[in-house]
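A short worksheet on the structure shown next.
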Amino acid sequence: MTYPRRTVARLCAATLFALAAGPAAWAQATPWHDIGRDATPAEVKAWDIDVRPDFKGLPKGSGSVSMGEEVWIGKCAACHGDFGESNEVFTPIVGGTTQADIERGRVKNLELGSTFPQKTTMMKVATVSTLWDYINRAMPWNAPKTLSTDEVYGVLAYILSLANVVPPDYVLSDQNIAEVQKRMPNRNGMVFHEPLWKVSGKGDVQNVACMKDCPVDPKVRSSLPEFARDAHGNIQEQNRVIGPIRGADTTQPPPSAPVGSVPPPKVTVVAAAPAGGRADAKALLGSNACTACHGINSKIVGPGFNEVLAKHQGKADLVPYLVGKIQSGGSGLYGAVPMPPQPQISEADARTIAEWIAGGAK
């Protein structure tokens, strides 16, 4: 069983208290007794979605290669290519593996001396559960966790068929996925260093360096040039809607003290749809991860919003045109990297963003 972090923190705190204070500590009321609560079974179930290499946690379901191909074309191909070849931004998923690799479980193109130009996902991954878990929790990029269980099976079946791990008419399910694991091209490529896992194990290195009077004042050996700090827009605004916020506010000067030594500045989060008013365009950009690919004035992955306006300046039907592009995506106009469709953005919100771009993107 995997427990939420709050529950784990309470258990660890109780254990450390007992070790430090001894049995007498339990005779007194613990000061944190009324802080927090145990997670409900429903909360644990919603949070505990990982799938392990022994397939513990894998939900029941199935998906065919053909069904997965349909989902792939609609939700995955914009970033990863029709056949997993990807593009100049994303690493190819398929390629570099052979039938001989499938038979021996070790990819030849990963060995020293190989001249294969690109390390693909199927070359490196050792467990099929890793692929299932990642697709389930993180894809598609613009709408993670929206695929159904059967769609995850189907998309994975399609990837495996492209790598010739399964035939084109295969139906992948929780019942046969363990058999598929036996055909993963790099299943024997995961190196296990036993001393790193066993408390009683012998270390894998022998330290002979002097460990006295070590320097405690670290020196910064590298830094981001000032001209590049905000070159791609404010990093703090370029975060996915899922996961912790890690981006620095690059519109501000770099920190003068070590990170963590001073409290971080407070960030005001603007609601995407203020009560009683129209949705705010910039808040919509943030809540839909638009700023992960587009800066205001400059290109990140896709063009800056002002670059879009400059390209279509004077277009009579600019707003309806942009609404269509936002919702349906497109490719070729600004280079080889396509823009995936954004079906999660309503027409009203897409119009708000389009009107903001047409009005000067300020």
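The values are calculated or read from the model by the stated rules, or taken from the named source; none is laboratory data. All values reported here derive from a predicted model rather than from experimental measurement. Cβ: placed from backbone, ideal geometry, glycine included. Neighbour counts: every protein chain shown. Remember, those area values only see protein heavy atoms, side chains included, never the ligands or the DNA or RNA. Shrake-Rupley method; radii C 1.70, N 1.55, O 1.52, S 1.80 Å.
Brief remarks on what is shown
- Matching option when the condition is under 27 Å from A178 (Cα atoms) and either without any contact (Cβ under 8 Å) to a residue 40 or more places away in the chain or in contact with a helix residue (DSSP H, G or I) (Cβ under 7 Å, 6 or more places away or on another chain) (or both), among D38, D50, D34: D50
- Pairs are defined by a Cβ separation below 8 Å, a sequence spacing of at least 6 or placement on different chains, a first member in the range 301-327 that is free of Cβ contacts under 8 Å to residues at least 40 places away in the same chain and hydroxyl-bearing (S, T, Y), and a second member that is part of a loop (DSSP other than H, G, I, E, B) and open to solvent by 40 Å² or more (accessible area, probe 1.4 Å); the pairs so defined are Y321/K315.
- Selected residue [over 25 Å from D169 (Cα atoms), polar (S, T, N, Q), open to solvent by less than 40 Å² (accessible area, probe 1.4 Å) and under 16 Å from the mean Cα position of the chain (by Cα)] from N142, N136: N142
- Among (1) open to solvent by less than 20 Å² (accessible area, probe 1.4 Å); (2) among the polar types (S, T, N, Q); (3) assigned to a helix (DSSP H, G or I) - the single one N186 does not satisfy: (3)
- Of the residues screened, V166 is one that is touching a Leu at 6+ places or on another chain (Cβ under 6 Å) and over 22 Å from P340 (Cα atoms).
- The residues on offer are P218, P225, P195, and the sole one that is under 30 Å from D249 (Cα atoms) and modelled with pLDDT under 70 is P218.
- Cβ pairs under 6 Å, 6+ apart, first in the range 160-180 and outside any loop (DSSP other than H, G, I, E, B), second of a type in the set (F, W, Y) and surrounded by 17 or more Cβ atoms within 10 Å (Cβ to Cβ): L172/Y153
- First in the range 282-296 and polar (S, T, N, Q), second anywhere and open to solvent by 10 Å² or more (accessible area, probe 1.4 Å), Cβ under 6 Å, 6 or more apart: S287/A272; T291/E237; T291/Q238
- Count of the range 316-354 residues, restricted to those that are of a type in the set (G, A, S), at pLDDT below 85 and open to solvent by less than 80 Å² (accessible area, probe 1.4 Å), is 5.
- Condition broken by G286, with the remaining ones in (1) buried (at least 17 other Cβ atoms within 10 Å of the Cβ); (2) out of contact with any Asp or Glu (no Cβ under 7 Å at 6 or more places or on another chain) satisfied: (2)
- Only one of R10, R5, R37 that is surrounded by 14 or more Cβ atoms within 10 Å (Cβ to Cβ), of a type outside the set (A, V, I, L, M, F, W, C) and modelled with pLDDT under 90: R10
- Pairing residues of the range 107-130 that are open to solvent by 50 Å² or more (accessible area, probe 1.4 Å) with residues that are of a type in the set (D, E) and outside any loop (DSSP other than H, G, I, E, B), at Cβ distances under 7 Å and at least 6 apart in sequence or on separate chains, gives K108/D101.
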